[in-house]
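Chemist: I'd like to ask you about the structure that follows.
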Amino acid sequence: MCGIVGAVGLDTVENFLIDGLRRLEYRGYDSAGIAVLQPDGAVRRARSVGKVAMLDASRDRAITGHTGIAHTRWATHGGATENNAHPHRAGRVTLVHNGIIENFQELRRSLQADGYSFQSETDTEVVAGLLDRALARTGSAKAAMLDVVPQLQGAYALAVLFDTEPGMLFGARHGAPLLAGMKAGAGFIASDALALTGYASHVCYLENGDLVAVTKDGIEVFGVDGVKHQRELHKSSGSAILADKGNYKYFMLKEIHEQAEVVGRTLTAHVDALGSTVKQHEGLDLSRANRILIIGCGTAALAGRVAEYWLEGLAGIPVDVDIASEFRYRDPVLSPDDVAIFISQSGETADTLEAMRLCKEAGAKTIALVNTLHSTMARDADLVLPTLAGPEIGVASTKAFTCQLIVLASLALLVAKQRGRLTGEQEVEQVTDLLEVPGLISEALDIESQIAEMAVELATKQTVLYLGRHQFFPLALEGALKLKEISYIHAEGYAAGELKHGPIALIEPGVSVIAIAPHDALFAKTQSSIEQVLARGGSVIAITDEAGAKALASTPVDIVKLPSSSGMATAFACTIAIQLIAYYVAVEKGTDVDQPRNLAKSVTVE
Ligand code: F6R
């Protein structure tokens, strides 16, 4: 969602700010802005609706200095207008903000009573006003921060520039990520480590309730009581090159192609390739667990729904999969014998974090299956199962999803072993299958040019339905989600067996159905659903394998033939097909594939 960058002590801070904003573009936003403290002591701003490139092209080149803050905004309070874009300014305070200040109306009224007026509809401008009023009263920037931050309710991250402290930036974190960075002669602040890679030599991840003061000489973290907090400094990892598309047209395509590598890398953290056995993780013993809860949002939750089939089938343990935004409001019945797994690429999704808090309160063991290792979720969980997908920049999740699946597949084997449901021989057989997944993904990518051709026709459709059974049912949901989010075509996923209970009424000439139908034990059932669609004039694309293609040879369907595989591995090959379909249809439609409208990469508000 929104993104924050700031720096102090750079020669031309504006160049860093624009570069930092570019790196945060992937998070999703609809306006952007920078504010720089000029050598003459004045703070000047440039803001614009739309892309960072538009801000960069239109900004006044005379806006230059050593200290500044910048922001990409995803509209919540107030529309996407230049006036609502950050940075906001009140009196001697300039500020950017991620998150939502829940009590902003009450705070706004109190400022109005003191004669403040507002230029925007945002909750952010209210915080700037509060800080300006506190600065006038206390005479000190730090005292103003200590006065105002405890008044704010909600989840937020702030970066603040006071006219009275030209060599310093302040920050505050409560429920939205923020980190500080440093190198010799400069200090930084950002909401995402990617903004600082290549700039800061060291970074420090703030905790909830932390305030920070950053200067060119260092970072000071303290609490709302003003008492210093000790926070670890980490060497800044990664490289800015990670945020480069290389020869690919979009990050999404690059990330689809990276999957063989990152799934392989993730797998080796969870299985021993030499012995073909699953690795034990310290503190992870589910032999006596009552049940597993899997909680996440969007694609992450769908990874959980695929794993439900694997965990129940292989390990014989009850599994309940929940969407975090529903879970947190439905009084779930929890027990200390439950193990709750939270799946998240970002590790910062507000609903999933809140669901984790509920489970912790109930005494359940919490496991974070996350891609961002310094995220709040990773830090708050009892145990972390990492996915090693690297930064995922395309808003539509691809490589994070397959990495989540490979961790869950390994976990299903581990739990099956712990519960005495997997012999040594079966373990070797199953792990050997998983070790073939990276190769299978590479081979599956051979369908790319065929999918690109099919996309021309699919892009003309009003409605596309996806069907699947067993583990391919959640993949049907994922296929539909992927297609609708980046191509804006109305798409729905159904369990193939549900077709005749309602959705079949939608079938008529012109409607396209994508059937995920590898030749498994349920193939004949899915084949009969395909026949039902064809009988009503719908057209069908069957995602299948050699045996499935043979069985469908005399059926008038378009075949996408994947390399043959079995068991859990097949889900990975099918995932490649649904990702490529969504990608090429979106390209055909000319949408903004990496930053689809209205969407954000990391949803840090409710
Ligand atoms: C869809 C997509 C989203 C995310 C969801 C959860 O392609 O990317 O549905 O999966 O917003 O995000 P994380 O995994 O960061 O918790």
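Chemist: If you check 356, 377, which single one turns out to be assigned to a helix (DSSP H, G or I) and either under 17 Å from residue 600 (Cβ atoms) or within 10 Å of the ligand (Cβ to nearest atom) (or both)?
Modeler: Details: 356 fails: either under 17 Å from residue 600 (Cβ atoms) or within 10 Å of the ligand (Cβ to nearest atom) (or both).
It is 377.
Chemist: Answer yes if at least one residue in region 455-478 is assigned by TED's automatic domain parsing to the domain that holds residue 567, within 16 Å of the ligand (Cβ to nearest atom), within 15 Å of residue 558 (Cβ to Cβ) and not hydrophobic (A, V, I, L, M, F, W, C), and no otherwise.
Modeler: yes
Chemist: Hey, any hits in region 550-566 for a residue that's β-branched (Val, Ile, Thr) and within 16 Å of the ligand (Cβ to nearest atom)? Lay out the reasoning, then the answer.
Modeler: Our first condition is that a residue be β-branched (Val, Ile, Thr); within region 550-566, this holds for 555, 557, 559-560.
Add one more test, that the residue is within 16 Å of the ligand (Cβ to nearest atom), and what stays is none.
Scanning region 550-566 turns up no residue that is β-branched (Val, Ile, Thr) and within 16 Å of the ligand (Cβ to nearest atom).
Chemist: Tell me, which residue of region 419-444 that is out of contact with any Pro (no Cβ under 6 Å at 6 or more places or on another chain) and of a type in the set (D, E, K, R) is nearest to residue 317 (Cα to Cα)?
Modeler: 419
Chemist: Taking into account only those residues within region 286-307 that are more than 16 Å from residue 347 (Cβ to Cβ) and in a strand (DSSP E or B), which is farthest from the ligand (Cβ to nearest atom)?
Modeler: So in region 286-307, the residues more than 16 Å from residue 347 (Cβ to Cβ) come out as 286-293, 302, 305-307.
With in a strand (DSSP E or B) added as a condition, the list becomes 291-293.
On the way: 291: 22, 292: 18, 293: 16 Å.
By that ranking, first place goes to 291.
Chemist: Can you pull out the residues in region 3-22 that are crowded, with 24+ Cβ neighbours inside 10 Å and closer than 23 Å to residue 396 by Cα?
Modeler: Scanning region 3-22 gives 3, 4, 20, 21.
Chemist: Being of a type in the set (Val, Ile, Thr) and either surrounded by 22 or more Cβ atoms within 10 Å (Cβ to Cβ) or within 16 Å of the ligand (Cβ to nearest atom) (or both) is the filter here, so list the residues in region 412-430 that pass it. It would help to see each step written out before you state the result.
Modeler: Restricting attention to region 412-430, the residues satisfying the condition of being of a type in the set (Val, Ile, Thr) are 415, 423, 428.
415, the sole residue that qualifies.
Chemist: Sticking with this structure for a sec: Counting only residues that are buried (at least 20 other Cβ atoms within 10 Å of the Cβ) and polar (S, T, N, Q), how many does region 133-191 have?
Modeler: 1
Chemist: Same structure again: Looking at (1) at pLDDT 95 or above; (2) in contact with a Cys (Cβ under 8 Å, 6 or more places away or on another chain); (3) in the same structural domain as residue 27 (by TED's automatic domain parsing), which one does residue 231 not meet, given that it meets all the others?
Modeler: It fails just one condition, (1).
Chemist: Consider residue 409 against the criteria (1) away from the ligand (no atom under 16 Å from the Cβ); (2) assigned to a helix (DSSP H, G or I); (3) modelled with pLDDT under 95: it satisfies all of them except one. Which criterion is unmet?
Modeler: For residue 409, the exception is condition (3).
Chemist: Of all residues in region 479-508 being small (Gly, Ala, Ser) and within 16 Å of the ligand (Cβ to nearest atom), which is surrounded by the most Cβ atoms within 10 Å (Cβ to Cβ)?
Modeler: First pass over region 479-508, keeping only residues small (Gly, Ala, Ser): 479-480, 487, 491, 493, 495-497, 502, 505.
Keeping just the survivors that are within 16 Å of the ligand (Cβ to nearest atom) gives 479-480, 487, 491, 493.
Working: 479: 30, 480: 23, 487: 27, 491: 25, 493: 27.
My answer is 479.
Chemist: Has region 386-397 got at least one residue that is away from the ligand (no atom under 13 Å from the Cβ), small (Gly, Ala, Ser), outside the structural domain of residue 208 (by TED's automatic domain parsing) and part of a loop (DSSP other than H, G, I, E, B)?
Modeler: Quick first cut of region 386-397, residues away from the ligand (no atom under 13 Å from the Cβ) only: 386, 388, 390.
Applying the additional criterion that residues be small (Gly, Ala, Ser) yields 390.
Still in the list and also outside the structural domain of residue 208 (by TED's automatic domain parsing): 390.
From what is left, the residues that are part of a loop (DSSP other than H, G, I, E, B) are 390.
The answer is yes, given that some residue of region 386-397 is away from the ligand (no atom under 13 Å from the Cβ), small (Gly, Ala, Ser), outside the structural domain of residue 208 (by TED's automatic domain parsing) and part of a loop (DSSP other than H, G, I, E, B).
The values are calculated or read from the model by the stated rules, or taken from the named source; none is laboratory data. Bear in mind that the values here come from a model prediction, so they are computed numbers and not experimental data. Heads up, the Cβs are rebuilt from the backbone with ideal geometry, glycines too, and the neighbour counts pull from every protein chain shown.
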